[in-house]
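Structure first, commentary second.
The values are calculated or read from the model by the stated rules, or taken from the named source; none is laboratory data. Everything numeric here is computed off the predicted structure, so don't read it as measured data. Using ideal geometry, Cβ is built from the backbone for each residue, glycine included, and neighbour counts are taken over all protein chains shown. Protein only, heavy atoms only, side chains kept; ligands, DNA and RNA dropped before computing areas. Shrake-Rupley method; radii C 1.70, N 1.55, O 1.52, S 1.80 Å.
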Amino acid sequence: MVQGSTHETPEALIPFEAEVRAWLAEAMQDGLRFAWSAVWTTRNNDEEYAFRQSLGRRLGERGWLFPTYPVEYGGGGLTPEHQAIIETEMSRYGLRHAMVFYTLARIVAPCILKHGTDEQRRAFLPGLVRGEVVVWQVLTEPQSGSDVANVRTMAIRDGDEYVLDGQKIMVGSHHQPDYLWTLVNTDPAGKRHENLSWMYVPATSPGLTIRPMSMMMGIKNTVFFDGCRVPAANLVGGENSGWKVSSTHLELEHGGAGSIAGDPVVDHVLGRCLEQQPDGTALIDEEPVRAILADMLIETHINELLAARNYWLRLRRTPHPYGGVQYRYYERLLRLRNAERVQQLFGYEALVPRFDLHEDADLEHLVRAGPGQLHGGGTMDTDRLVMARRMGIGRSTKEDAPTTA
Amino acid sequence: MIHEPTEEERMIRASVAQFVGREAAPDGLARARHEGGGFDRGLHRQAGELGWLGMLVPEAYGGSAMPVGICAAAVEELGRAPLMGPLLTSGVIATLVILEGGSDAQKSALLPPMVAGERTATLAAMDSGRGWGPAFVTAQARPDGDRIRIDGHKAFVHDAATADTFICAARLPADGPDAFSLILVDAGAIGVVIEPLPGLPSGLSAVSFDGVSVPTEAILGAPGAGRGTLERATHRALPLVCAFMSGACQAIFDFTVEYTGQRSAFGQLIGRFQRVQDHVVELANQMDGAHWMTLELLAKIEAGTATAADIHETAAVATEAYYQVCNYSHMVHAGPGTDLDHPLMGHTIASRALYQLMGTPDHHKRRMMDLRFPRGGAPA
Ligand SMILES: Cc1cc2nc3c(=O)[nH]c(=O)nc-3n(C[C@H](O)[C@H](O)[C@H](O)COP(=O)(O)OP(=O)(O)OC[C@H]3O[C@@H](n4cnc5c(N)ncnc54)[C@H](O)[C@@H]3O)c2cc1C
């Protein structure tokens with residue numbers, strides 16, 4: 001991990017740090033053998049997933065999945081500094097705090113906390129916050145990708161329910177969800193941006209079908225809604241008011257949450273270059289290798305600073321105007337460059353997965369994901385669009401970054 | 001410098017294009033490769049019947065020895081698909097190694113069935129996958145009575161699982177520090193262990209030679225001649241690989257431009273967004289750099305004026321272009337382009353697999369500089 005992004009633990013929290021460290025050492029005992037697995041199907045492992053789910057639940061019981069959330073919703077009622085300690089300690093095990101078991105609660109819970117009614121918060125948040133349920137974000141449709149507002153999935157009110165019809169694509173993962181957090185059109189005659197609503201849809205709803213799609217990074221899914229009935233109480237943020245919920249959602253998806261974890265693949269690359277070869281030399285002594293590594297280390301350092309900046313500003317409720325999308329844009333293009341760099345450095349070795357490594361540290365995963373990870377949740381082009389808008393370029397008013405809870 | 005295709009070239013192009021279109025629907029290729037299928041012996045035999053596996057081979061060994069321009073035209077069409085596999089690794093690379101290094105008896109025994117598409121061979125040259133050159137050949141070959149015993153581990157071999165013959169690079173005790181020998185090994189020989197590798201490109205395997213015993217006649221050409229053979233064969237194969245990649249870039253350009261006129265977002269065709277236009281502009285610049293440099297190289301080869309530095313320069317440009325053209329096309333296609341059924345995916349996988357085939361772009365750039373500007377050669 002690069003020095004600039006690490007954070008000095010305040011004196012008063014040293015006992016808490018020790019508590020977290022000891023707790024994790026115990027909780028991770030059975031999990032150490034799973035270090036090689038991760039998010040995508042290319043290295044699916046059910047046993048590992050079960051372990052992650054139980055770890056998520058145990059963290060959730062203590063309020064450590066959402067440390068700063070109110071206790072009544074299952075949170076820890078702690079400070080941002082506590083959260084930073086938990087995340088730092090978890091990253092030592094290659095675990096990303098928000099993704100312990102591949103649920104997108106880190107995006108969905110803040111949306112419900114900010115835009116839900118009291119009743120909805122009490123009903124939906126504890127499951128997400130305690131790590132008891134898996135949720136997918138379900139936005140994209142065949143004709144609605146970058147243009148998120150062009151939703152054609154209809155949700156028409158019928159008594160106490162909405163009836164959903166339509167199709168979503170490229171969503172979720174290979175692990176079945178409990179809930180779908182989905183954007184629907186609730187007013188066929190309504191104006192653009194004034195016809196949208198968000199729904200928290202139980203995956204067991206009748207009329208809902210999930211079909212896997214094979215993508216370069218692993219399994220995504222097509223979701224069909226055929227007369228799918230969902231209780232009206234599951235519409236969050238008000239009928240036809242979905243666009244304002246989207247701004248919270250998209251800010252989080254676009255990197256506004258930031259991060260204080262390092263990039264394990266860079267540590268791995270460096271480690272390999274420092275390793276002594278059978279002939280006594282190390283790759284790091286070769287001039288071309290040094291030049292490539294220098295670029296990789298410098299750019300990674302910058303990326304970690306941007307990520308840490310967003311992390312702290314978010315927890316202080318003072319989001320950076322364009323920082324969220326800037327970080328995401330920078331990181332994605334860095335990963336694309338790094339994907340080529342590891343082929344320059346290691347040739348074929350970068351094309352074969354090593355299952356003894358965590359996916360995030362594995363070269364093949366980096367190469368495989370390179371040009372695919374550019375588009376999840378919006379492309380580099382729309383990222384630049386958002387960033388310009390937030391800087392107020394070419395318009396008289398700047399668009400503000402939403403606070404994201 | 002404007003190249004007018006000959007009638008013969010047009011015909012072979014059409015024949016390969018037709019075959020590729022019919023036999024290997026591009027949409028299915030990425031998936032087939034991804035799932036480890038990909039190689040179809042029937043397909044390979046058909047390619048033999050159509051005569052392309054003999055394009056590089058003199059008539060004496062069953063081929064038709066076409067001019068390099070014609071061969072390049074055919075390979076360019078394979079690139080459009082993209083159809084890699086043994087058509088490239090056996091039909092071009094191994095074939096050229098045997099032609100450049102084999103004795104008359106070896107060529108007579110090996111080439112006719114390869115030309116007919118009945119057998120395939122593949123090069124098992126480097127022990128490490130990290131680089132290309134004598135430093136990466138560490139397998140040992142020791143005289144053992146009237147035979148030779150090979151021990152080594154080739155970490156990354158293309159199309160090994162379906163190959164009949166390996167051309168294994170190994171060091172005989174008499175080979176100097178910079179020399180090695182190429183040795184023909186039957187895929188079925190005792191001690192040959194093939195382990196197909198998982199990962200993005202299929203068709204890669206690790207191949208171990210554990211005390212494999214072969215007769216002395218299995219040495220391709222003379223002992224210790226491997227380095228020179230491989231160098232000559234590489235310099236003949238690289239221009240064709242460049243043609244493959246150049247053809248691939250053109251196919252990607254075509255379907256990418258088409259997509260910009262079909263896909264809408266925010267109520268307009270995506271081709272109207274300047275950012276999308278920028279991706280296509282960069283794509284075209286990469287494509288045309290590779291295309292024109294490859295054409296120039298082929299013309300120089302036909303005129304007998306191509307240098308090794310020219311070949312390495314072109315290889316650096318075309319390899320990098322194929323890689324970047326895929327990236328730019330991904331930027332235009334976004335999500336749908338990452339579906340394994342999308343034609344772009346076959347190219348993305350091929351561009352990553354070819355990136356270090358006979359050296360990375362960096363390797364070729366270093367070779368180009370070393371050849372054109374030998375070190376320590378600054379005029380006094
Ligand atoms: C790995 C991965 C994971 C994903 N996960 C999910 C998920 O969990 N849930 C979900 O709902 N979706 C998911 N998606 C879908 C993703 O959100 C979309 O791919 C993305 O929003 C882009 O939409 P699109 O692919 O339809 O591209 P399009 O919108 O069709 O874009 C095509 C091209 O047009 C450009 N373009 C479009 N509009 C503009 C503009 N205004 N200005 C300039 N250029 C423009 C784009 O940049 C791109 O170059 C995922 C995608 C990927 C690749």
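Quick notes
- Restricting the range B:252-285 to residues that are of a type in the set (A, V, I, L, M), within 30 Å of B:ILE70 (Cα to Cα) and surrounded by fewer than 24 Cβ atoms within 10 Å (Cβ to Cβ) leaves a set whose member that is nearest to the ligand (Cβ to nearest atom) is B:VAL280.
- Number of the exception - B:VAL137 against (1) surrounded by fewer than 24 Cβ atoms within 10 Å (Cβ to Cβ); (2) within 14 Å of chain A (Cβ to nearest Cβ): (1)
- Residue that is farthest from the ligand (Cβ to nearest atom) [pool: residues in the range A:143-160 that are touching a Lys or Arg at 6+ places or on another chain (Cβ under 7 Å) and within 14 Å of chain B (Cβ to nearest Cβ)]: A:ALA149
- Test: residue in the range A:289-304 that is among the charged types (D, E, K, R) and under 23 Å from A:GLU251 (Cβ atoms): yes
- Restricted to the range A:131-142, and to residues there that are among the hydrophobic types (A, V, I, L, M, F, W, C) and assigned to a loop (DSSP other than H, G, I, E, B), the residue that is nearest to the ligand (Cβ to nearest atom) is A:LEU139.
- The helices (runs of 4 or more DSSP H) found entirely in the range B:297-380 that carry 3 or more residues being open to solvent by less than 10 Å² (accessible area, probe 1.4 Å) and at negative phi are B:308-333, B:343-354.
- Qualifying positions in the range B:4-27 - loosely packed, with under 13 Cβ neighbours inside 10 Å and modelled with pLDDT under 70: B:ARG22, B:ALA25
- Given (1) in contact (Cβ under 8 Å) with a residue 24 or more places away in the chain; (2) open to solvent by less than 50 Å² (accessible area, probe 1.4 Å), number of the condition A:ILE302 does not satisfy: (2)
- Selection of the range A:347-365 for residues being more than 14 Å from the ligand (Cβ to nearest atom) and either touching a His at 6+ places or on another chain (Cβ under 6 Å) or open to solvent by 10 Å² or more (accessible area, probe 1.4 Å) (or both) yields A:TYR348, A:GLU349, A:VAL352, A:PRO353, A:ARG354, A:PHE355, A:ASP356, A:LEU357, A:HIS358, A:ASP360, A:ALA361.
- Residue in the range B:216-223 that is more than 16 Å from the ligand (Cβ to nearest atom), at pLDDT 95 or above, open to solvent by less than 70 Å² (accessible area, probe 1.4 Å) and within 18 Å of the chain's Cα centre (by Cα) present: no
- Among residues of the range A:375-387 that are near the ligand (Cβ under 6 Å from one of its atoms), those with a beta-carbon under 7 Å from a residue that is in a loop (DSSP other than H, G, I, E, B) at least six positions away or on a different chain give the pairs A:HIS375/B:ALA334; A:GLY378/A:SER146; A:THR379/A:SER146; A:THR379/B:ALA334; A:ASP381/B:PHE273; A:THR382/A:SER146.
- Close contacts from the range B:185-198, counting a first residue that is closer than 14 Å to A:PRO353 by Cα and a second that is loosely packed, with under 15 Cβ neighbours inside 10 Å, with Cβ to Cβ under 8 Å and a gap of 6+ residues or different chains, come to B:PRO196/B:GLY36.
- Qualifying residues in the range B:293-347 (those that are under 27 Å from B:PHE255 (Cα atoms) and of a type in the set (S, T, N, Q)) - the one farthest from the ligand (Cβ to nearest atom): B:THR314
- In this structure, A:TYR102 does not satisfy being hydroxyl-bearing (Ser, Thr, Tyr) and either under 30 Å from B:GLY267 (Cα atoms) or open to solvent by 40 Å² or more (accessible area, probe 1.4 Å) (or both).
- The conditions of being within 14 Å of the ligand (Cβ to nearest atom) and either touching a His at 6+ places or on another chain (Cβ under 7 Å) or not basic (Lys, Arg) (or both) are met by A:LEU183.
- Pick from the range B:106-122, criterion without any contact (Cβ under 8 Å) to a residue 60 or more places away in the chain and open to solvent by 10 Å² or more (accessible area, probe 1.4 Å), ranking: nearest to B:ASP175 (Cα to Cα): B:LYS107
- B:ASP210 vs. criteria open to solvent by 20 Å² or more (accessible area, probe 1.4 Å), farther than 27 Å from A:LEU351 by Cα and among the acidic types (Asp, Glu): no
- Of all residues in the range A:197-230, those satisfying the criterion of being at pLDDT 95 or above and under 23 Å from the mean Cα position of the chain (by Cα) are A:SER197, A:TRP198, A:MET199, A:TYR200, A:VAL201, A:PRO202, A:ALA203, A:ILE210, A:ARG211, A:ASN221, A:THR222, A:VAL223.
- Residue in the range B:332-350 that is in contact with a helix residue (DSSP H, G or I) (Cβ under 8 Å, 6 or more places away or on another chain), in contact (Cβ under 8 Å) with a residue 60 or more places away in the chain, β-branched (Val, Ile, Thr) and within 23 Å of B:PHE373 (Cα to Cα) present: no
Conditions (1) within 26 Å of A:THR68 (Cβ to Cβ); (2) away from chain B (no Cβ under 14 Å), marked per residue:
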residue: A:GLY94; (1), (2): yes, yes
residue: A:LEU104; (1), (2): yes, yes
residue: A:GLU132; (1), (2): yes, yes
residue: A:TRP136; (1), (2): yes, yes
residue: A:GLU141; (1), (2): no, no
residue: A:TYR162; (1), (2): no, yes
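- Just one of the numbered conditions (1) away from chain B (no Cβ under 14 Å); (2) assigned to a loop (DSSP other than H, G, I, E, B); (3) not charged (D, E, K, R) is not true of A:GLY372: (1).
- Close pairs from the range A:327-346: first open to solvent by less than 10 Å² (accessible area, probe 1.4 Å), partner among the polar types (S, T, N, Q), Cβ under 6 Å, at least 6 apart: A:LEU334/A:ASN303
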